[in-house]
1. Please compute the contact order of chain A in relative form: average sequence separation of alpha-carbon pairs under 8 Å and at least six residues apart, divided by the residue count, as a percent.
2. Under a 5 Å amide H to amide H cut-off, with H placed in plane at 1.01 Å, what residues pair with A:GLY160 once short-range neighbours are removed?
3. Please list 3J(HN,Hα) in residue order for the range A:129-137, calculated via the Karplus relation 6.51 cos²θ - 1.76 cosθ + 1.60 where θ = phi - 60°; whole Hz, with x for glycine and proline.
4. Going toward the positive end of the dipole of the protein assembly as shown, with +1 on Lys and Arg Cβ and -1 on Asp and Glu Cβ, which of A:PHE116, A:ALA242, A:ALA158 do you reach last?
5. Work from the charge dipole of the protein assembly as shown (Cβ charges, +1 for Lys and Arg, -1 for Asp and Glu, about the Cα centre) and give the residue of B:SER2, A:LEU102, B:VAL171 farthest towards its positive end.
6. Ratio of Rg to Rh for chain B, alpha carbon only, Kirkwood?
7. Determine by what factor the alpha-carbon radius of gyration of the range B:200-358 differs from 2.2 N^0.38 Å, reporting the quotient.
8. Enumerate the amide H contacts of B:ILE323 below 5 Å, restricted to partners 5 or more residues apart or on another chain; note that Pro and chain-start residues carry no placed amide H.
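The values are calculated or read from the model by the stated rules, or taken from the named source; none is laboratory data. This structure is a prediction, so every number in the text was calculated from the model and none was measured. Quick reminder, even Gly has a Cβ in these numbers, built from the backbone with ideal geometry, and neighbours come from all protein chains shown. All accessible areas refer to the heavy atoms of the entire protein, side chains included, with ligands and DNA or RNA removed. Shrake-Rupley method; radii C 1.70, N 1.55, O 1.52, S 1.80 Å.
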There are 2 protein chains.
Amino acid sequence: MSDRILIGHGSGGRLYRDLVHDIFLARFSNPELDRLEDAAELRLSGRFAAGGEGRPGGDPGAGAGSSRPRLAFTTDSHVVRPLRYPGGDIGRLAVAGTVNDLATAAARPLALAAAFIIEEGLPLAELEWFTDSMAATAREAGVDIVTGDTKVVERGLADGLYITTTGVGEVVVEHEVSARAARCGDVLLLSGSVGDHSAAVLAARGEFSLQVDVRSDCAPLWSLTEAALAAGGEAVRFLRDATRGGLTTVLCELAESSDLGVAVEEEAIPVTPPVRAVCELLGYDPLTLANEGKMVLAVGPERADEVLAALRAHPLGRQAARIGELVTDHPRRVALRTAFGTRRVLDMPVGELLPRIC
Amino acid sequence: MSDRILIGHGSGGRLYRDLVHDIFLARFSNPELDRLEDAAELRLSGRFAAGGEGRPGGDPGAGAGSSRPRLAFTTDSHVVRPLRYPGGDIGRLAVAGTVNDLATAAARPLALAAAFIIEEGLPLAELEWFTDSMAATAREAGVDIVTGDTKVVERGLADGLYITTTGVGEVVVEHEVSARAARCGDVLLLSGSVGDHSAAVLAARGEFSLQVDVRSDCAPLWSLTEAALAAGGEAVRFLRDATRGGLTTVLCELAESSDLGVAVEEEAIPVTPPVRAVCELLGYDPLTLANEGKMVLAVGPERADEVLAALRAHPLGRQAARIGELVTDHPRRVALRTAFGTRRVLDMPVGELLPRIC
């Protein structure tokens with residue numbers, strides 16, 4: 001174990017998880033943080049309780065859960081390199097990333113905060129470009145940036161621009177949406193192909209010379225998630241966007257937190273031909289590559305078809321697929337049935353293959 | 001006008017303000033952001049309204065304003081150099097800075113988010129030290145860190161550690177607290193001496209060789225603010241912590257937003273002997289130096305004595321003073337009556353005398 005921060009501590013994999021447990025949870029521990037979901041839930045005090053006991057004017061049709069308002073709260077720093085790549089840029093990423101973390105809590109975005117750390121010497125025209133992109137993405141997601149901050153550091157002490165976005169959202173369901181809520185028999189859905197964001201960033205870095213037509217999938221997923229919730233209701237039990245560490249990390253975390261086994265079919269997981277080509281060329285596993293516009297869902301089998309149809313009817317979910325299910329067979333493990341019919345256990349990636357992808 | 005980001009764009013002064021207007025407001029404009037307060041107010045949807053019309057069980061004694069819950073929302077990146085200085089460190093600063101921005105909206109802190117950008121190679125023991133400090137300061141402020149994020153950048157692309165903290169708070173008053181709410185005749189109170197934080201950071205940088213016993217004032221001010229609100233009620237019309245740009249910038253912004261004149265007495269503004277010595281030695285104006293534990297209040301004259309007494313009764317407000325008042329004489333300008341009885345107009349500092357002070 002190193003006594004210094006390594007690049008791998010910034011990955012979504014095992015080193016990162018150890019850092020979170022050993023440093024942050026050890027010091028900041030509280031019931032909300034300890035859940036380690038992508039978004040925390042804010043508990044408001046009694047005076048904000050809507051539809052509480054004895055309130056005749058409460059929300060009609062809402063269950064007992066409506067007695068306390070539920071807000072989701074999430075933050076992410078963005079340090080992607082380079083700042084622009086096919087299909088996206090740091091501004092779009094900063095807005096979409098935070099909207100998507102809210103979406104994993106079934107929360108409609110209410111407001112965003114944006115904090116900029118800017119390297120001295122950044123052309124103002126660049127900053128205009130990235131803030132234009134943030135504004136456009138925020139409009140697309142239907143949310144305002146209502147507060148912010150700017151710091152400038154001396155030349156060389158940042159890589160152009162780092163953006164931290166924080167979001168507050170309104171949870172639109174009454175039931176719990178989390179890995180712990182997932183049940184045996186739940187169907188795993190994936191909203192589209194994996195690996196596109198990482199491949200696009202690699203392409204922009206010039207890490208391969210061949211011509212590859214690959215674009216980042218970076219997009220705000222609230223409207224897609226809302227459609228899935230409308231179709232699935234309480235059967236939608238788990239939502240997670242597959243960012244750092246990729247699909248593999250989401251599945252490993254789901255298995256661990258749910259105490260269930262995850263069984264997935266390799267052939268069912270969409271990977272576009274250019275991403276497949278990049279992975280074969282550079283030796284990457286597309287299942288561990290970061291995405292910025294893909295949602296993984298666990299849905300009760302009775303509503304899985306409706307939810308899949310709703311995803312496919314949405315412009316951001318046309319390639320959505322049923323990729324597997326939750327089982328009791330091999331608790332806390334993820335088993336991939338390969339195209340050859342063999343079974344492979346998926347482990348969380350340890351270090352960082354692709355630093356600064358988000 | 002430079003076409004690149006300058007260090008001065010990170011100050012609290014005029015260059016910073018121009019950047020905020022020309023880049024951020026021009027693109028992100030919305031009613032909440034346009035207010036340019038330190039904390040935005042979150043408007044929740046109807047289903048979260050507490051004590052609404054026709055609700056018999058509503059908060060007794062609360063006015064019509066109680067029909068909508070009010071939450072404050074604020075974010076700040078922290079890039080202070082060095083990471084430790086007498087009386088504080090980046091961890092304490094990151095928590096106190098955000099708690100204090102919530103306090104300016106009369107908001108009790110409900111929850112914090114913390115996002116870390118760490119330079120590869122930072123000793124884990126350092127990170128443990130700063131997170132210990134964050135945890136201790138959060139306990140002092142009575143708030144939990146409920147969500148977070150960590151990114152790692154390559155060696156040289158950060159200065160050890162940058163921390164962005166975002167807070168959500170619950171506004172505890174019904175009336176508006178803002179520069180626009182201030183009225184002619186309101187008394188200006190300051191919770192203690194100015195310049196201590198900047199002087200302590202300068203001392204830690206080794207920018208002067210003489211021995212000066214100066215410590216940062218960095219502290220979470222919610223309990224102090226709560227005491228002032230309890231004593232002053234609706235007479236407390238404006239709250240602002242005097243950070244980047246110092247007391248001068250707070251007063252200039254107050255004059256501009258209120259359309260009133262600000263008249264202050266130089267001799268009434270507490271400056272400790274060591275800070276005065278540092279300023280004389282290095283040619284700084286203590287009124288433009290950043291503080292991290294000082295609140296400026298505008299209070300109706302009928303309650304000013306009570307509020308001042310409440311501040312002085314609090315451990316963080318023992319040196320609190322009445323420093324001036326709001327007048328109609330010279331609208332939108334700040335006039336300082338000097339110790340010699342002459343009058344000097346205070347202008348917002350233009351560039352950045354002391355970069356990376358917070």
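1. Values: 818 pairs, mean separation 82.3, N = 358.
Worked out over chain A, it gives 23 percent.
2. A:GLU119
3. Each residue's phi maps through the Karplus curve to give 4, 6, 6, 4, 5, 4, 4, 5, 5 Hz.
4. Among A:PHE116, A:ALA242, A:ALA158, the one farthest towards the positive end of the dipole of the protein assembly as shown is A:ALA242.
5. Ranked along the dipole, the leading option is B:VAL171.
6. On the way: Rg = 20.2 Å, Rh = 21.0 Å.
On the Cα set of chain B, Rg over Rh gives 0.96.
7. On the way: Rg = 15.9 Å, N = 159, 2.2 N^0.38 = 15.1 Å.
Compactness ratio reported: 1.05.
8. Answer set, sorted by chain and number: B:LEU188, B:LEU189, B:LEU190.
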